[in-house]
Amino acid sequence: MMQRALFSRSALLAQQAAAALDGALLGRSASALQRVERSMSSVTIPPPAGILRPLEVPMRYLFGPGPSNVPPRVLASGSRPIIGHLHPEMYQIMNDIKKGIQYAFQTENNMTIAMSGSGHAAMECAVFNVVEPGESVLVAINGIWGERVAEIAERMGANVHTIVKTPGGYYTNEEIEQAIQKHKPVLFFLTHGESSAGLCHPVDGIGDICRKHNCLFLVDTVASLGAAPIFMDKQKIDILYTGSQKALNAPPGTAPISFNDRACHKMFNRKTKPVSYLFDMTHLSNYWGCDGNAARAYHHTGPVSGFFALRESLAILAEKGLEESWRKHKEVAAYLYKGLEDLGLKLFIPDRDMRLPSVTTIAIPQGYDWREMLSYIMKHHQMEMTGGLGPSIGMVMRIGLMGYNCEKSNADKALHALADALKNCKKSKA
């Protein structure tokens, strides 16, 4: 009995002590508790104040060379519930994407996929898979994208040759054939839509030249797909790629690419493995169901939400129709050209037929600081336009009206902003 009484009393005292301790802790301020917890933690770097604030993203008119504003339907698709990247439903979405790319590229190529990454991912995938160290590559450089491909090929050990023109310059088929005859490349690269200069390069006949000399033809359409005509099969393009964030209306982060049978024969009969595991088409062709195997093996985790958005953007293009999309971009571009000329501005590409419909370049107005003008437009109009890129820096200002942004009403907004900047920005007397 006595032991039981002592035990009961001890239990009561313990409860009272615990209650007293709880009361004391509850009486402390929240900051004091945080200090106690922090002193007992192994974490020495506190949570950053900025990331504890709610996410805020301004609404802006993206009238530069990309990314462009995204339609609500595509934005909504990116907020759909996440599913597994290897689920059957995801494979069906990827199959839809493949068909959509085939339509946009105008190709029947089975080896058609979307890269997990920006246009640079597709650019590197193309070079890494069809070129081996020591092989000859010929690159046409008339803006930044040729420069990028030349560097990528050089980094992976190719013997790189270039033909170079100033931004806005273009090549005759005779010039291209002479260079191919001289350097005997396994791959020739050309940019269809050179957004750094605003040039849309002719493609007809170049595929025939490349086949004549047993050379693969690689074309960049990141800035032109959906805005200017391109026919992969008819124009005998061996490898074609683009990006999601321009006339295709999708957020950045996915990059369609297609290889024809000639390209596949070269890349699947290599002596060496491609320098990149992530971009190895041996694995990617299986992930996208292009290799004939019923089972798809894990290679990497694709951007599920990004693929949702790309699928919807390709659906919008299919519903509108390629020819209508090309017509609309040409019409709005012509409307913009007239408005720019009415403001006294000079278009950088003099030949109207050579201008890229999605990205218009103007010569920097004499006496103006182009950086000041662009900053003024951003500050007062919440509108992005940009200067040149790579070799065209200091030569041009760029206005992009593509995809969802390709409307005359947006051209009017851009023209109003430019007129305001011309009026209010300082002009030197020189």
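Of the residues examined, Leu52 is one that is open to solvent by 80 Å² or more (accessible area, probe 1.4 Å), over 19 Å from the mean Cα position of the chain (by Cα) and not assigned by the TED database to the domain that holds Gly388. The sole residue among Lys266, Lys212 that is among the basic types (Lys, Arg), open to solvent by 20 Å² or more (accessible area, probe 1.4 Å), in contact with a helix residue (DSSP H, G or I) (Cβ under 9 Å, 6 or more places away or on another chain) and without any contact (Cβ under 8 Å) to a residue 60 or more places away in the chain is Lys212. Look at Ser305 and say whether it is small (Gly, Ala, Ser) and surrounded by 19 or more Cβ atoms within 10 Å (Cβ to Cβ). Considered against the rule, which asks whether it is small (Gly, Ala, Ser) and surrounded by 19 or more Cβ atoms within 10 Å (Cβ to Cβ), Ser305 comes out as no.
Listed here are the residues, each with its yes/no results for (1) open to solvent by less than 20 Å² (accessible area, probe 1.4 Å); (2) of a type in the set (Phe, Trp, Tyr); (3) modelled with pLDDT of 95 or more; (4) not in a helix (DSSP H, G or I).
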site	(1), (2), (3), (4)
Gln102	no, no, yes, no
Glu108	no, no, yes, yes
Ala122	yes, no, yes, no
Cys125	yes, no, yes, no
Phe128	no, yes, yes, no
Gly134	no, no, yes, yes
Val137	yes, no, yes, yes
Arg148	no, no, yes, no
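Contact map, region 298-319: first residue outside the structural domain of Ser244 (by the TED database), second residue hydroxyl-bearing (Ser, Thr, Tyr) and modelled with pLDDT under 95, Cβ cut-off under 7 Å, separation 6 or more or different chains; the map is empty. The single residue among Leu418, Leu422, Leu356 that is farther than 17 Å from Val332 by Cβ and either open to solvent by 70 Å² or more (accessible area, probe 1.4 Å) or out of contact with any His (no Cβ under 8 Å at 6 or more places or on another chain) (or both) turns out to be Leu422. Of the numbered criteria (1) farther than 17 Å from Tyr61 by Cβ; (2) of a type outside the set (Val, Ile, Thr); (3) more than 25 Å from the chain's Cα centre (by Cα), the one Arg371 fails is (3). Entry remark, region 361-386: residues being open to solvent by 30 Å² or more (accessible area, probe 1.4 Å), hydroxyl-bearing (Ser, Thr, Tyr) and in contact with a Lys or Arg (Cβ under 7 Å, 6 or more places away or on another chain) number 1 in total. State all residues of region 215-255 that are surrounded by 24 or more Cβ atoms within 10 Å (Cβ to Cβ), more than 12 Å from Ser118 (Cα to Cα) and among the aromatic types (Phe, Trp, Tyr); if no residue qualifies, say none. Matches in region 215-255: Phe217 only. Does Gly302 count as in contact with a helix residue (DSSP H, G or I) (Cβ under 7 Å, 6 or more places away or on another chain), under 21 Å from Gly119 (Cα atoms) and not in a helix (DSSP H, G or I)? Spelling it out, it is not the case that Gly302 is in contact with a helix residue (DSSP H, G or I) (Cβ under 7 Å, 6 or more places away or on another chain), under 21 Å from Gly119 (Cα atoms) and not in a helix (DSSP H, G or I).
The values are calculated or read from the model by the stated rules, or taken from the named source; none is laboratory data. Nothing here was measured: the structure is a model prediction, and the numbers come from that model. For neighbour counting, all protein chains shown are included, and Cβ atoms are generated from backbone atoms with ideal geometry for every residue, glycine included. Side chains included, ligands, DNA and RNA excluded: accessible areas come from the protein's heavy atoms. Shrake-Rupley method; radii C 1.70, N 1.55, O 1.52, S 1.80 Å.
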